[in-house]
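First the structure, in the form of structure tokens, and then the observations on it.
The values are calculated or read from the model by the stated rules, or taken from the named source; none is laboratory data. This is a predicted model, so every value here is computed, not measured. Cβ sites come from the backbone with ideal geometry, for glycine too, and all protein chains shown count toward neighbours. Keep in mind that these areas ignore ligands, DNA and RNA; they rest on the heavy atoms of the full protein, side chains included. Shrake-Rupley method; radii C 1.70, N 1.55, O 1.52, S 1.80 Å.
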Amino acid sequence: MFPGGMGNMQGMMKKVQKMQADMVKMQEQLKARKFENSVGGGAVSVVVSGKKELDSIKINPEAIDVDDMEMLEDMIVSAINECMRQIDETSEKEMAKITGGMKLPGM
């Protein structure tokens, strides 16, 4: 049935359980991290948690031009989106360490 018998199956199950525990631990560590990004030469700076929640935003008063609010809005969106990409990229890299690069559905 299984090469190596039931002992091999038990060993495989232990590896799967360890991998699951490592994934949960990694996800908790990721949630606790903060990701920062700054755009426009420091005009807009944001901090996003690993839970993908905006923690803070700082806008340099010199970046505020009431005649060009669209540029400020674009910088805010850009800074937040870059943090989100950093979170996704970090999550993928950390997950690859646990899974040995194996792609798992839903991960």
- Could you tell me how many degrees, from 0 to 90 and to the nearest 10, lie between the Cα long axis of helix 5-32 and the main elongation axis, the longest principal axis, of the Cα atoms of the chain? 10
- In square angstrom, what is the accessible area per residue of the chain with a 1.4 angstrom probe? 73
- Checking M84, M19, M69 against a Gaussian network model of the chain (alpha-carbon springs below 10 Å), the top fluctuating residue turns out to be M69
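Tally up the carbon and sulfur contribution to the accessible surface of the chain as a whole percent, 1.4 Å probe, everything protein left in place. Could the numbers behind the result be given before it?
On the way: 4290 of 7790 Å².
Carbon-and-sulfur percentage of accessible area, whole number: 55.
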- Item | Size of charge dipole - the chain - debye, nearest 20, with Cβ of Lys, Arg +1 and Asp, Glu -1, no other charges | 1400
- Cα point-scatterer Debye curve for the range 31-107, base-10 log of I(q)/I(0) at q = 0.12, 0.16 Å⁻¹: -0.42, -0.63
- Item | lysines with Cα under 17 Å of K14, excluding same-chain neighbours fewer than 8 positions away | K25
- Residue-wise, which Karplus ³J(HN,Hα) couplings in Hz belong to the range 38-47, taking 6.51 cos²θ - 1.76 cosθ + 1.60, θ = phi - 60°, and x for glycine or proline? 10, 10, x, x, x, 5, 9, 10, 10, 10
- Task: Just tell me which aspartates and glutamates come within less than 17 Å, Cα to Cα, of K51; anything on the same chain fewer than 8 places away is out.
- Result: E28, E36, E82, D88, E89, E92, E94
- Query: Using alpha carbons only, how many degrees (0 to 90, rounded to 10) separate the axis of helix 69-99 from the longest principal axis of the chain?
  - Reply: 10
- Just S78, S91, S56 to compare: in a GNM of the chain, with alpha carbon springs under 10 Å, which one fluctuates most? S56
